[in-house]
Amino acid sequence: MSQVLEHVLLANGVNIVKKGGTKKQGKALKNSLEFYKKLAKASPSGELYWKQSRELYFAGKTPMIIWSPFIMDELAGLRDSAPPTINSDPTSPELASKTGFITNFSGPNNKKGAAWADIRYFGITADADTDEAKKFIMYSMDEGYTNTLSIAPEGKFPVRRGNSSDPEAYTKAWSKLPVGVDRKAPLTDLYSADVINNIVAGLDTANRWGVKEGELSRASKIINAQFINRITREYMDDEISVDEAVDKINAELAKF
């Protein structure tokens, strides 16, 4: 819920932090919460969570879900524990061939829109063999970058597109990496070039709260406190109005 909410709010220009503190919220947050509630009210009944939403989409019972790209392999029938049930063949790639991916969307308060991405970082501890650790990171991000991506190609995208020899070298290599659990197939066999290019292009506008402002630590503390989730849920359950939700979120933000 934290990831989905942050993406929806970013898409409408909502940012919770500024340099040195937090930002008081207003119209953009209100519009975003109203949109999020409409999505929830239009969804199938029940306590929706990641597993149920995937099952509903795999069964053809909902036309759209907001999900992690880690869904790409099971969507193509490559994982027996999470099979598509839209037809009688749980190993069929049919649903994958009919699925499009939108990484960037926008709201009325932010025409440019935004994509959401969680960047994985290498960290070197103070007591590490620093020289050896640096060599490993250099290898992992250059000569061994394709191997790094191969750890989970359906969820690890090439933030480094290429090298001096070929500006698209790593994007091309990534698209051909095998994905799957019980069966394997390269992404290019499962999805069209347009789908793959659209997913990679999402990295151009990918964002997180606090990164540009140098306030990632503050934003992380706010997200982990989860009051935005709880207050949004109160609004979704008709316990409070949208204006009350905005006021309550502002009151909590002021504590950071």
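Taking Ala193, Ala133, Ala115 as the candidate residues, the one with maximal mean-square fluctuation in a Gaussian network model of the chain, Cα springs under 10 Å, is Ala133. Shape of the chain from its Cα gyration tensor (a ≥ b ≥ c, root eigenvalues): rounded if a/c is under 1.5, otherwise prolate when a/b > b/c, or oblate? Oblate is the answer for the chain, as a/c is 1.5 or above yet b/c matches or exceeds a/b.
Near the amide H of Ala206, within less than 5 Å, lie the amide hydrogens of Ala115, all on another chain or at least 5 residues away, with H placed in the peptide plane. Close amide-amide hydrogen proximity is noted between Leu177 and Leu187, each under 5 Å apart and 5 or more residues distant or on a separate chain (H modeled in the peptide plane; Pro and chain starts excluded). Using a ≥ b ≥ c from the Cα gyration tensor of the stretch 57-191 (square roots of the eigenvalues), is it rounded, prolate or oblate, where a/c under 1.5 gives rounded and otherwise the larger of a/b and b/c decides, a/b for prolate? Here the stretch 57-191 falls in the prolate category.
Multiply the residue gap between Asp80 and Phe256 by 0.36 nm, knock off their C-alpha separation, and tell me the result in nm, one decimal place. Full extension of this stretch gives 58.9 nm more.
How much net charge surrounds Arg183 when only the other residues with a Cβ under 12 Å from the Cβ of Arg183 are counted, with Lys and Arg +1 and Asp and Glu -1? Surrounding charge for Arg183 is -3. For the chain, the antiparallel share of DSSP beta bridges with both residues in that region comes to about 75%. Taking 26 Å as the limit for the C-alpha separation, the pairs Lys30/Lys98; Lys61/Lys98; Lys18/Lys172; Lys98/Lys184 exceed it in the case of Lys30/Lys98; Lys18/Lys172. Ala11 sits among other residues whose Cβ lies under 11 Å from its own Cβ, and their net charge, with Lys and Arg +1 and Asp and Glu -1, is +1. Note on the chain: GNM, Cα springs under 10 Å; of Ser88, Ser32, Ser53, the largest mean-square fluctuation is that of Ser88.
For the stretch 124-203, state which GluC sites (Glu not before Pro) are in a DSSP loop and have at most 16 other beta carbons lying within 10 Å of their beta carbon.
Sites meeting the loop and neighbour criteria: Glu143, Glu168.
Amide H contacts under 5 Å for Phe105: Ala114, restricted to partners 5 or more places along the chain or on a different chain, H placed in the peptide plane at 1.01 Å from N.
We did not get these values from a lab; they are worked out from the coordinates using the rules stated. As the structure is a computational prediction, the values presented were derived from the model and not from experiment. Don't worry about glycine lacking a Cβ; one is built from the backbone with ideal geometry, like all the others, and counts go over all protein chains shown.
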